[in-house]
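The values are calculated or read from the model by the stated rules, or taken from the named source; none is laboratory data. No experiment lies behind these values; they were computed from the predicted model shown. Positions of Cβ are backbone-derived with ideal geometry, glycine not excepted, and every protein chain shown enters the neighbour counts.
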Amino acid sequence: MYVFFLPLLINNKALVVKYDNEYYFPIIKGYISGETFGQDVPGEAKYRSLKETFKNDENSNNWVLMPFYPYSPYEDITYDGNKMYQPPSLKHWLGTDNTGRDVFARLCYAFNISISFALILTIINYIVGILIGGAMGYYGGKFDLFFQRIIEVWSSLPMLFVIIIISSILKPSFFLLIGIYTLVNWISMTYLIRAEFYREKAKPYVAAALSMGQSNFKIMFKHILANSLVPIITYFPFSVVAGISALVGLDYLGFGLAPPTPSWGQMLDVGLSNISKWWMVFSPVTAQFFTLLAIVFIGEGVREAFDPKVYSRLR
């Protein structure tokens, strides 16, 4: 659930600038020098300052349209007006951190990254688990035993240390971490799908499909998989929770996404290092708590929706 419109709401780049009867769109174009708008500043234009300049000039028809929250998660004390350890205020809703970066902006972008990471990781794990687990459950026999031995050996490895070693050797990136975690997390989904396929393949509709001459692939993924969706769907929210927690844990330990990428784990690490600045600890902890709680409640609702026995037991 990557929020593509988030930069339109939280960003230090202007959405639209009207200057000398010309229109500019920095949010789309990207870099525009300050000299373009008559600013005596090196590098990129400072749009918050530019907006104040145009606003104070009553004879000017120039104007700047900023996002709803005009701060970037990456701007630090080198930007105009930013200071370290500012407490929450109307200007900075959740204050600033140890480098002057806005905590609220970083919190929202970190949510974006965490949800995207967890969803992509879960989908990849589902694909791998369905392919391998489905084949194990459907074919059984030596094929199943062979992959069970592989899974037993693979699951016996200290995966946390493997992840930390790989992250310390290679420069961590978003997709590298997804690849590393995929090597670990596919096992649980594989066993779940294997059990479902073992149960379903003994039912009459599979024998009927075989008697009609349908291929094994079609039987597996058109018939058996279609009747195995309940545990797959109900397990999905909890896989997302595990993905978010995994990324936060690695970031907190310093083996996750490279700075200055917004991350709840990194924010928590900085906050605990400056425990007197309460907003730096309170913000990431609260955001993670309510995010995970909401996902778990959604998962429980989905599970109950697919399990009518719950309501019959209550009656």
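Quick notes
- Selection within region 123-141 - under 17 Å from residue 219 (Cβ atoms), of a type in the set (Gly, Ala, Ser) and touching a helix residue (DSSP H, G or I) at 6+ places or on another chain (Cβ under 6 Å): 133, 134, 137
- Check on residue 168, in the same structural domain as residue 197 (by TED's automatic domain parsing), surrounded by 15 or more Cβ atoms within 10 Å (Cβ to Cβ) and either part of a helix (DSSP H, G or I) or under 21 Å from the mean Cα position of the chain (by Cα) (or both): no
- Any hit, region 229-238, residues being out of contact with any Phe, Trp or Tyr (no Cβ under 8 Å at 6 or more places or on another chain), modelled with pLDDT under 85 and loosely packed, with under 14 Cβ neighbours inside 10 Å: yes
- Looking only at region 247-256, and only at residues there that are surrounded by fewer than 22 Cβ atoms within 10 Å (Cβ to Cβ) and of a type in the set (A, V, I, L, M, F, W, C), the one that is farthest from residue 120 (Cα to Cα): 253
- Any hit, region 98-121, residues being loosely packed, with under 15 Cβ neighbours inside 10 Å, at pLDDT below 95 and of a type in the set (A, V, I, L, M, F, W, C): no
- If you filter region 262-301 down to residues that are polar (S, T, N, Q) and either more than 19 Å from residue 113 (Cβ to Cβ) or over 21 Å from the mean Cα position of the chain (by Cα) (or both), you find that the one that is surrounded by the most Cβ atoms within 10 Å (Cβ to Cβ) is 274.
- Flag for residue 205 being touching a residue at least 12 places away in the same chain (Cβ under 8 Å) and under 31 Å from the mean Cα position of the chain (by Cα): no
- Whichever residue in region 171-202 is aliphatic (A, V, I, L, M), in contact (Cβ under 8 Å) with a residue 60 or more places away in the chain and within 17 Å of residue 255 (Cβ to Cβ) and, among such residues, is surrounded by the most Cβ atoms within 10 Å (Cβ to Cβ): 177
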